[in-house]
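Colleague: Let me give you the structure first, and then I'll get to my questions.
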Amino acid sequence: MFLSNTTSRTFPIFLRFRSPYRRLASTKSLKETIEEVIPVKQAHLKKLKTEYSDVSIGDVKVGNVIGGMRGLRAMLWDSSVLDPEEGIRFHGLSIPDVQRALPAAPGGKEIIAESMLWLLLTGQVPSAEQTRELSRELAQKGNLPPSVASLIDSLPKTLHPMTQLGIGVAALNHDSSFQAAYEKGIKKSEYWRYTLDDSINLVARLPALAARIYRNVYKPGATLPEIDPELDLVGNYSKMLGYGDNHDLTEYLRLYISIHGDHEGGNASAHTAHLVGSTLSDPYLSYAAALFALAGPLHGLANQEVLRWQLSMLREVGEEVSHDTIREYLWKTLKSGQVVPGYGHGVLRNPDPRFIALQEFCESKPELLNSPIIQLVKKTYEVAPNVLKEHGKTKNPYPNVDAASGCVLYHYGLTEFKYYTVIFGVSRALGCVTQLVWARALGLPLERPKSYSLEAIEQLAKSGSP
């Protein structure tokens, strides 16, 4: 359950905690469900410590140390595991699995953030009733404190939306339940409860915060709608952005935010949240740090780079594109010393299942099938892998999620590139707060790896010293 998802694939975790002698799972609250699961995971962690602490699960090579620590098995992140060949699994469930199993919003077909958050936090598939109750709780807690709203309104409109989002999330720390309880003095065994309270409040307030930034920067003077207690988290987010009447865009946002919510712990934003959280910083400060990692061009800004490149191709080759013209443009990009945006991944070695899910969404919508930019994405996918294989410098010649995500937003009229990473930021909170809660529930320690100088690394390599 911790180091691999092998067990979960044959016997999913959400089937393992049911008992005929307890209240039906569909009537339990999120906190009650987590409380029930905690002893099981604590026992598993104790077993790992007792039986396997001295067992090696991989070697550390010089290339790992100076190459961004890629591939090192050095972090516990229980909610998802990323397999190079088959992609992400959430507690053993693939993206097609969760699309089949997790509840959708009333009147919708796509999974929603609440059901994904429940799965990540508990390892269990929630009932429709549990999901709906969580939606109501998030709506009830979703309004921004006046001080944070005023702070965001005071920021320069030219300040990058991601910078504003990070500032806003950090400012929510003013009302941190964990910080207040820690200052008063609480048992370590109770840390997770206050961390969960902060995490739920953070997830609840992100849409109002992100929408306020969007309105201030791109729609100044527009009135921000009130939160509707009958809508799910993303339904309210879409409404506050000004797209509540666009059912298809709202459904797309539900899908995108859910499947993009967790991608194991080694990526920059997730790892940052975990690292800062290990100091016992509250979820607001931990996730604010994660957002500034997400704002980097090598991480969360990738989808806007993909869209710029695709629109540039569309302008050059025209809307009636063929595989040959795309192939020529791909080679032009590569020969200029640039990479093809949206292709390749630090871990994956096959097409990203998130990309496939977004493509399937597009194929279900006639208006998207007729969109020139969506058609360009599809035809590029049919050509690019072979070109990149021939080029020979890409470990993974297949598309990642960024190859499609921004183009759908652009088609539906949300054309402000710089804002796209903010949507990513609303999404990635699902996985990061899950890890923060479980790090406290399991009593995980402060993260403190050992570093070496260039000279020390060379001496260790020459001596063969472990």
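The values are calculated or read from the model by the stated rules, or taken from the named source; none is laboratory data. Remember, predicted model here, so these are calculated numbers, not experimental data. When we count neighbours, we look across all protein chains shown, and the Cβ atoms used for this are built from the backbone with ideal geometry, even at glycine. To get the accessible areas, we keep the full protein, side chains included, count just its heavy atoms, and leave off ligands, DNA and RNA. Shrake-Rupley method; radii C 1.70, N 1.55, O 1.52, S 1.80 Å.
Colleague: By how many nm would the segment from SER453 to ASP175 grow when fully extended, if each residue of separation counts as 0.36 nm and the alpha-carbon distance is taken off? List each step's numbers first, then the result.
Modeller: Details: separation 278, 0.36 × 278 = 100.08 nm, distance 4.12 nm.
Using 0.36 nm per residue and subtracting the Cα-Cα distance, I get 96.0 nm.
Colleague: Whose amide H sits under 5 Å from the amide H of ILE88, counting only residues 5 or more places off or on another chain, with H placed in the peptide plane?
Modeller: Placed amide hydrogens put ASP83 under 5 Å from ILE88.
Colleague: Quick one: putting +1 on the C-beta of Lys and Arg, -1 on the C-beta of Asp and Glu, what dipole do you get for the chain around its Cα centre, in Debye to the nearest 20?
Modeller: 980
Colleague: Another question, then. How much of ILE457 can a 1.4 Å solvent probe reach, expressed as accessible area in Å² and rounded to 10?
Modeller: 30
Colleague: Let me ask something else about it. On alpha carbon coordinates alone, what is the Rg over Rh value for the stretch 175-303, Rh being the Kirkwood radius?
Modeller: 1.01
Colleague: Based on the alpha-carbon gyration tensor of the stretch 129-219 and its eigenvalue square roots a ≥ b ≥ c, which shape applies: rounded if a/c is under 1.5, prolate if not and a/b is larger than b/c, or oblate?
Modeller: Oblate, since a/c reaches 1.5 and b/c is not below a/b.
Colleague: Hey, if you put +1 on the Cβ of every Lys and Arg and -1 on every Asp and Glu Cβ in the chain, which of ASN246, ALA357, GLY68 ends up farthest toward the positive end of that dipole?
Modeller: Farthest towards the positive pole: GLY68.
Colleague: Please compute the net charge surrounding VAL276, taking Lys and Arg as +1 and Asp and Glu as -1 over other residues with Cβ under 11 Å from its Cβ. Walk me through the intermediate numbers first.
Modeller: On the way: positive: none; negative: ASP282, GLU447.
Charge balance near VAL276 sits at -2.
Colleague: Within a Cβ distance under 10 Å of ILE257, other residues only, what is the Lys/Arg minus Asp/Glu net charge?
Modeller: Net of charged neighbours comes to +1.
Colleague: Run the numbers for LYS47 and LYS61: contour at 0.36 nm per residue of separation, minus the present Cα-Cα distance, in nm. Each step should come with its number before you reach the end.
Modeller: Working: separation 14, 0.36 × 14 = 5.04 nm, distance 2.82 nm.
Once the chain is fully extended between LYS47 and LYS61, it gains 2.2 nm.
Colleague: Starting with the highest mean, order 400-410, 193-203, 152-162 by the number of other Cβ atoms within 10 Å, averaged over the residues of each peptide.
Modeller: Highest-to-lowest ranking by the protection proxy: 400-410, 193-203, 152-162.
Colleague: Next question, about the same structure. If Lys and Arg each add +1 and Asp and Glu each add -1, what is the summed charge of the other residues whose beta carbon sits under 13 Å from the beta carbon of PRO229?
Modeller: Net charge around PRO229: -2.
Colleague: Quote the relative contact order of the stretch 310-464 in percent (integer), defining contacts as alpha-carbon pairs under 8 Å separated by 6+ residues.
Modeller: In percent, rounded to a whole number, it is 26.
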